[in-house]
1. Can you say whether Arg130 is surrounded by fewer than 20 Cβ atoms within 10 Å (Cβ to Cβ) and within 20 Å of Ser161 (Cα to Cα), as far as the supplied structure shows?
2. Restricting to the range 69-87, give me the number of residues that are touching a Ser or Thr at 6+ places or on another chain (Cβ under 6 Å) and crowded, with 19+ Cβ neighbours inside 10 Å.
3. For the range 10-33, state whether one or more residues are modelled with pLDDT under 95, more than 22 Å from Arg118 (Cβ to Cβ), of a type in the set (Gly, Ala, Ser) and touching a Gly at 6+ places or on another chain (Cβ under 8 Å).
4. Does the range 137-153 contain any residue that is touching a strand residue (DSSP E or B) at 6+ places or on another chain (Cβ under 7 Å), assigned to a helix (DSSP H, G or I) and touching a residue at least 24 places away in the same chain (Cβ under 8 Å)?
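The values are calculated or read from the model by the stated rules, or taken from the named source; none is laboratory data. A quick note: this is a predicted structure, and the numbers were derived from the prediction, not measured. Here the Cβ positions follow ideal geometry from the backbone for every residue, glycine too, while neighbour counts run over all protein chains shown.
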Amino acid sequence: MGIGSRRRRRLFAISFEVMGKQTISTSDTHTDDAGARSDEVRIERLGDGDTPRVMVASELFDHPVKEDATNRFLTDPNHHLLIAYVDDTPVGFVSGAEITHPDKGTDMFLNELGVDERYRRRGFGRTLVRSLADLGAELGCKGMFVLTEDDNPAALATYRSAGAAREGDRPVMLEWQLSNKSTNEGEQT
């Protein structure tokens with residue numbers, strides 16, 4: 001649902017106002033359309049030393065998880081990874097990064113959201129997004145934003161259901177491919 005895929009299309013920003021902590025339980029029970037109780041989800045924030053847990057959840061990501069990149073991500077205090085579990089099965093994740101600018105303060109950038117296809121349309125994505133927004137509020141972020149394709153109705157619905165509002169009209173994303181042999185070793189281009 002995020003911009004992790006290789007395809008690049010028209011993108012636009014969706015911003016989340018982090019106006020104080022919303023109460024989102026780290027253990028949520030979801031109901032189906034008929035109101036019947038279904039899976040309980042547990043959201044866990046991963047950090048330094050949790051690389052093996054990310055490797056187990058590798059299928060949730062766009063590409064195979066790289067151990068060295070995962071270690072680097074998890075040891076950076078401004079990077080955040082939340083994984084949703086049903087029982088002990090990873091069913092989704094959201095990643096974010098705090099971005100600070102001298103004249104704007106700090107915002108949470110929602111980098112990527114992924115939910116296992118078998119668990120989609122049950123509210124897990126919304127719970128993950130809200131949990132990242134809660135974390136941003138706890139950390140003092142003034143807002144949260146994400147970029148997604150404007151022809152991705154599932155992502156748009158998820159972000160809007162989690163409290164996002166569309167900002168502006170069709171921003172353009174430009175991209176630089178930076179090559180650094182030591183950090184991109186072994187990557188396919």
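1. Values: surrounded by fewer than 20 Cβ atoms within 10 Å (Cβ to Cβ): no; within 20 Å of Ser161 (Cα to Cα): yes.
No, not satisfied.
2. Residues of the range 69-87 touching a Ser or Thr at 6+ places or on another chain (Cβ under 6 Å): 70-71, 81-82.
Going one step further and asking which of them are crowded, with 19+ Cβ neighbours inside 10 Å, we end up with 70, 81-82.
Count: 3.
3. Yes: one or more hits.
4. No; the residues of the range 137-153 include none that is touching a strand residue (DSSP E or B) at 6+ places or on another chain (Cβ under 7 Å), assigned to a helix (DSSP H, G or I) and touching a residue at least 24 places away in the same chain (Cβ under 8 Å).
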